[in-house]
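K.L.:
Here it is: the structure, laid out below.
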Amino acid sequence: MSGRAVRRAVVGVTAAVAAVGLLGACGSGDSGSSGSSSASGSPTGSTTLTVFAAASLNHVFTDLGATFEKEHPGTKVTFSFAGSSDLAAQLNQGAPADVFASADQANMDKVVKTSRITAAPQTFATNTLTIVTPPGNPKHIAALADLSQPGLRLVVCAQQVPCGSAAKKVTTNAHVAISPVSEESAVTDVLAKVTSGEADAGLVYVTDAAGAGNKVTTVAFPESAGAVNVYPIAPVADSKHADLAQQFDALITGPEGRAALAKAGFVTP
């Protein structure tokens, strides 16, 4: 072999060794970053905690989820916000989740009945309804009875949703006949139709009205006290992250959770 051929061979071997080393380094890094962990946690992996929560809890739970992630490094909290009746149905059909927070006891009871939840649910908040209109209240809504005026584009929640059940209760008790143009599956959808100008008025929770700020005008009515929705929370029985699920429940029902909920307008125990 000539001197030039020897040098080419040495260069080739050196490049091959370097390439193998580089591949080995990349493989090691991938393994560490994509690993999953159990409830006890892995220092190099991550755990996703899935929380099914009523739509009215969206903002405050999102903030508390960020707090939980900071207090539990390696844990990511993923929320599914929707009407409580939809979430209960999904859980009873086997949807994977770790925690369920309902906007009423009735939908929590549906999940307890099928044993997806076996722990005793804890009440962490209550909520009541209010009337919202577009800014300036162009239809001059001043009381619950005004929602029966002809031609009013009123939007409420469907009766199977907790906010719809509460709307039915307050209007029935007050003998106010309403003819909503739309019944929504989540309170956030009612609010969206008012803020977008698609509706003249809507019945939403006081917390949703407060969160909307100057996008709506709020009209309180005393009859709302006759339909107080109680919010329970519980870990899902077959959660793969039972310890974390219980710790998330503890955050919501503890001092930090209660303070955040109260700031958002909920009444806490």
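The values are calculated or read from the model by the stated rules, or taken from the named source; none is laboratory data. In this text the structure is predicted, and so the values were computed from the model without any measurement. Neighbour counts run over all protein chains shown; Cβ positions are idealised from the backbone, glycine included. Protein only, heavy atoms only, side chains kept; ligands, DNA and RNA dropped before computing areas. Shrake-Rupley method; radii C 1.70, N 1.55, O 1.52, S 1.80 Å.
K.L.:
State whether one or more residues within the range 48-56 are assigned to a helix (DSSP H, G or I), in contact (Cβ under 8 Å) with a residue 24 or more places away in the chain and out of contact with any His (no Cβ under 8 Å at 6 or more places or on another chain). Before the answer, list the steps.
P.N.:
Within the range 48-56, the subset assigned to a helix (DSSP H, G or I) is 55-56.
Those left that are additionally in contact (Cβ under 8 Å) with a residue 24 or more places away in the chain: 55-56.
From the residues that got through so far, the ones that are out of contact with any His (no Cβ under 8 Å at 6 or more places or on another chain) too are 55-56.
Checked against the condition, which is being assigned to a helix (DSSP H, G or I), in contact (Cβ under 8 Å) with a residue 24 or more places away in the chain and out of contact with any His (no Cβ under 8 Å at 6 or more places or on another chain), the range 48-56 yields at least one hit.
K.L.:
Could you list, ordered by first residue, the pairs with Cβ atoms under 8 Å in which the first is in the range 66-77 and within 10 Å of Phe248 (Cβ to Cβ) and at pLDDT 95 or above and the second is part of a strand (DSSP E or B) and open to solvent by 40 Å² or more (accessible area, probe 1.4 Å), at least 6 apart or interchain?
P.N.:
The qualifying pairs are Thr75/Ser46; Thr75/Thr48; Val77/Thr48.
K.L.:
Within the range 31-48, can one find any residue that is open to solvent by 20 Å² or more (accessible area, probe 1.4 Å) and modelled with pLDDT of 95 or more?
P.N.:
Yes - at least one qualifying residue is present in the range 31-48.
K.L.:
Can you list the strands (runs of 3 or more DSSP E) lying wholly within the range 178-232 that have 1 or more residues being out of contact with any His (no Cβ under 7 Å at 6 or more places or on another chain) and open to solvent by 50 Å² or more (accessible area, probe 1.4 Å)?
P.N.:
By residue number, 182-184, 217-219.
K.L.:
Counting just the residues of the range 90-123 that are among the hydroxyl-bearing types (Ser, Thr, Tyr) and touching a helix residue (DSSP H, G or I) at 6+ places or on another chain (Cβ under 6 Å), which one comes out surrounded by the fewest Cβ atoms within 10 Å (Cβ to Cβ)? Reasoning before the result, please.
P.N.:
Pass one, the range 90-123, residues among the hydroxyl-bearing types (Ser, Thr, Tyr): 102, 114-115, 118, 123.
Still in the list and also touching a helix residue (DSSP H, G or I) at 6+ places or on another chain (Cβ under 6 Å): 102, 114.
Numbers: Ser102: 30, Thr114: 13.
Step by step, filter the range 90-123, then rank; the result is Thr114.
K.L.:
Criterion first (surrounded by 18 or more Cβ atoms within 10 Å (Cβ to Cβ) and free of Cβ contacts under 8 Å to residues at least 24 places away in the same chain) does Gly164 satisfy it? First the steps, then the outcome.
P.N.:
Numbers: surrounded by 18 or more Cβ atoms within 10 Å (Cβ to Cβ): yes; free of Cβ contacts under 8 Å to residues at least 24 places away in the same chain: yes.
So Gly164 passes the test.
K.L.:
Check whether at least one residue in the range 182-202 is at pLDDT 95 or above, farther than 19 Å from Glu223 by Cβ and basic (Lys, Arg), and report yes or no.
P.N.:
Yes, the range 182-202 contains a residue that is at pLDDT 95 or above, farther than 19 Å from Glu223 by Cβ and basic (Lys, Arg).
K.L.:
List every residue pair whose Cβ atoms lie under 7 Å apart, where the two residues are 6 or more positions apart in sequence or sit on different chains, the first residue falls within the range 178-202 and is within 17 Å of Ala82 (Cβ to Cβ), and the second residue, located anywhere, is assigned to a loop (DSSP other than H, G, I, E, B).
P.N.:
Sorted first by the residue in the range 178-202, then by its partner, the pairs are Glu183/Ala158; Glu184/Ala158; Ser185/Gly83; Ser185/Ala158; Ser185/Val161; Ala186/Gly83; Ala186/Val161; Lys193/Ala199.
K.L.:
Check Thr126 against each of (1) part of a strand (DSSP E or B); (2) open to solvent by less than 10 Å² (accessible area, probe 1.4 Å); (3) within 18 Å of Ser224 (Cβ to Cβ) and name the one condition it does not meet.
P.N.:
(2)
K.L.:
Only one residue in Leu87, Leu144 is in contact (Cβ under 8 Å) with a residue 60 or more places away in the chain and either within 20 Å of the chain's Cα centre (by Cα) or open to solvent by less than 70 Å² (accessible area, probe 1.4 Å) (or both), so which one is that? It would help to see each step written out before you state the result.
P.N.:
On the way: Leu87 fails: in contact (Cβ under 8 Å) with a residue 60 or more places away in the chain.
After ruling out the rest, the residue left standing is Leu144.
K.L.:
Now for a separate question. When Ala262 is evaluated against the numbered criteria (1) loosely packed, with under 15 Cβ neighbours inside 10 Å; (2) more than 23 Å from the chain's Cα centre (by Cα); (3) outside any loop (DSSP other than H, G, I, E, B), which criterion, by number, is the only one it fails?
P.N.:
Just one mismatch for Ala262, condition (2).
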